[in-house]
Every structure is written in C-alpha cells, then in structure tokens.
Ligand code: HEM
C-alpha cells in the first residue's frame, strides 16, 4: 500500500506540474497578446486545478502512512526529514490554496484580462512555492 501510494504521488507530480506550467504559460500569453479568454483556456486552468487537488489528497494519505511523514517530529534538526514531514506538506497546502483562490477569482472576473491575470498570478505563485519545496533528492 505504502509503495503504491508513494510511486503514485511521485508519478502524478509530473502530470500536476506539467498541467500547472501549461496553464501559467497560457495565461501569461493571454495577457500579453490581449486575447479573448476562451473555453479552452478555462479547461487548461481547470485541469491544473484538478491535478493539484488530487495530488493534495494523495499527499495527505502518503503523509499518514509514510515513515517520512513523521520522521522529523521530535527532531527538527535534520533538514531532509524536516522537508518531507513538515515543509513540503505545509508549503504545498498553501500553494494549492493560492491556486484555488486564483481559480475562484477568475470566475468572478468580468473581463478577459482580469480572468487571465487571476489565474496567471495565483498559479505562478503556487507553482513557485511547490517547486521550492519538492524533495528533489528523493524524486530525480
Ligand atoms: C502539487 C503538490 C505536490 C507535489 C507536486 C508533490 C510532489 C512530491 C514529490 C515529487 C515527492 C518525492 C517522491 C519520490 O520519492 O519519488 C513527494 C514526496 C512526498 N510528499 Fe508530496 N507533493 C505535493 C503535495 C503534497 C502534500 C500536500 C503532502 C502532504 C500533506 C505531501 C506529502 C509528501 C510526503 C510525506 C512525501 C515523502 C514520501 C516518501 O517518500 O515516503 N505532498 N511529493
């Protein structure tokens, strides 16, 4: 069970990061080229949102069953275990909250530019936070 969830979280990360990146690039291009916000742009952003939410659920399960989920508790001086036990989960939850705020702001926005901006800004922030706290030493 642990092995499967760990491998799944590891593999799904490629998809989630790729979809987020595509959504970010699409929205920044939308702002700079002043184009219309189309159903295709919406779909790309929605896929990024769904992929990260799914990763959050899998990550939460993994945190409870992985030895690395609790490895740092009682001893926060080890940077590697502090990353998987605390920093990676916490920063990723904040990142996913930001991505969700971007999605809901785009829904309330009235203009094409405001829609692109809401997603571009919040998804970029979320993606940056995710990237600075990935346990790269375990992954690649
Ligand atoms: C979009 C968000 C996230 C991404 C892209 C992501 C990505 C990753 C990656 C690439 C690894 C290394 C996997 C490997 O060993 O090959 C990892 C490990 C881990 N992640 Fe996440 N993660 C995300 C969110 C979360 C969340 C929200 C939690 C917990 C609440 C979490 C808990 C963990 C744990 C505990 C590990 C260490 C697992 C182990 O090796 O036993 N992740 N994550």
Discussion item. Residue pairs, Cβ under 7 Å, 6 or more apart or interchain, first in segment 43-66 and more than 17 Å from residue 25 (Cα to Cα), second more than 9 Å from the ligand (Cβ to nearest atom) and at pLDDT below 95. List them.
Written reply: 65/1
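Only residues that are part of a helix (DSSP H, G or I) and exposed (fewer than 15 other Cβ atoms within 10 Å of the Cβ): list them for segment 23-43, please. Please lay out each step first, then the result.
Just the residues of segment 23-43 that are part of a helix (DSSP H, G or I), to begin with: 23-32, 39-43.
Passing the criteria: 25, 29, 32, 39, 40, 43.
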Item to complete: Within segment 11-22, work out how many residues are touching a helix residue (DSSP H, G or I) at 6+ places or on another chain (Cβ under 9 Å), surrounded by fewer than 16 Cβ atoms within 10 Å (Cβ to Cβ) and within 14 Å of residue 130 (Cβ to Cβ).
Response: 3
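Okay, residues lined up against (1) more than 8 Å from the ligand (Cβ to nearest atom); (2) at pLDDT below 95; (3) closer than 17 Å to residue 129 by Cα; (4) touching a strand residue (DSSP E or B) at 6+ places or on another chain (Cβ under 7 Å):
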| site | (1), (2), (3), (4) |
| --- | --- |
| 26 | yes, no, no, no |
| 35 | yes, no, no, no |
| 40 | yes, no, no, no |
| 49 | yes, no, yes, no |
| 52 | no, no, yes, no |
| 55 | no, no, yes, no |
| 63 | no, no, no, no |
| 77 | yes, yes, no, no |
Worksheet item: Of the residues that sit in segment 86-140 and are within 16 Å of the ligand (Cβ to nearest atom) and part of a loop (DSSP other than H, G, I, E, B), which one is surrounded by the most Cβ atoms within 10 Å (Cβ to Cβ)?
Response: 133
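The values are calculated or read from the model by the stated rules, or taken from the named source; none is laboratory data. The shown structure was predicted, so the numbers you read here are calculated from the model rather than taken from an experiment. All Cβ positions, even for glycine, are placed from backbone atoms using ideal geometry, and neighbour counts span all protein chains on display.
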